[in-house]
Structures are given as C-alpha cells and as structure tokens.
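Here the structure is laid out as structure tokens; the discussion comes afterwards.
The values are calculated or read from the model by the stated rules, or taken from the named source; none is laboratory data. Owing to the predicted nature of the structure, the values given are computational and were not obtained by experimental measurement. Using ideal geometry, Cβ is built from the backbone for each residue, glycine included, and neighbour counts are taken over all protein chains shown.
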C-alpha cells in the first residue's frame, strides 16, 4: 500500500508539471494571436491533446490520492475548535474561489 501511495504522489507531481508546461505553451503564443504555431515540432492541436491527456490522468490520480489519504485529509478539514471546518480549509477555499473568479476577469 505504501508503494502505491508513493507512485500516485510522484505521478501526480510529474503530471501537474506537464499540465503547467502545456498550459504555458498554449497561453503564451495566444498573446501573439498566432493560432497555427508549432513548438518543438508539436502543433497547437497536439499540445491541446497532451494537455487534456495529462488533465485526465491527474483527475484519475486524485481519486486514488483521496482513497489512500482520505482519513488524513478528513482530519485536516475538521476543526479542533468549535468551528465546523478548520481555518486552513477556509483559507484554501478562499484561494480557490479567488483564482476561479480571477479567471473570469482576466
């Protein structure tokens, strides 16, 4: 079980790196308004497909991560004070909402 947790964590790490790299490769050329570019021999559509594939892999890995670490994550969410959820959970949720909202304003 411990090896599975390590494999999932390491694969998630490399997957998120690939998601960020492909996102940058998709966003930066958009600023130049050139939709038919190629980077390292990869056309835009191929980069989109790679980005989607790693996004799907990351989603699958999240389900395994939650399965392997659900109990620990539950302790992080629960508050030790009289609050319903912990302060750290509220801060994390606020960051996610801010980034999501900022995506609409960008």
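Miscellaneous remarks
- Filter pass, residue 95 being touching a residue at least 40 places away in the same chain (Cβ under 8 Å), out of contact with any helix residue (DSSP H, G or I) (no Cβ under 7 Å at 6 or more places or on another chain) and within 26 Å of residue 22 (Cα to Cα): no
- Residue 48 farther than 25 Å from residue 92 by Cβ, modelled with pLDDT of 85 or more and either out of contact with any strand residue (DSSP E or B) (no Cβ under 8 Å at 6 or more places or on another chain) or outside any helix (DSSP H, G or I) (or both): yes
- Looking across segment 51-72 at every residue that is more than 15 Å from residue 14 (Cβ to Cβ) and touching a helix residue (DSSP H, G or I) at 6+ places or on another chain (Cβ under 8 Å), the one that is modelled with the lowest pLDDT is identified as 69.
- Residues in segment 88-97 that are at pLDDT below 90 and either more than 15 Å from the chain's Cα centre (by Cα) or within 23 Å of residue 3 (Cα to Cα) (or both): 4 in all.
- Qualifying residue in segment 80-87 (condition: in a helix (DSSP H, G or I), over 17 Å from the mean Cα position of the chain (by Cα), surrounded by 11 or more Cβ atoms within 10 Å (Cβ to Cβ) and modelled with pLDDT under 85): yes
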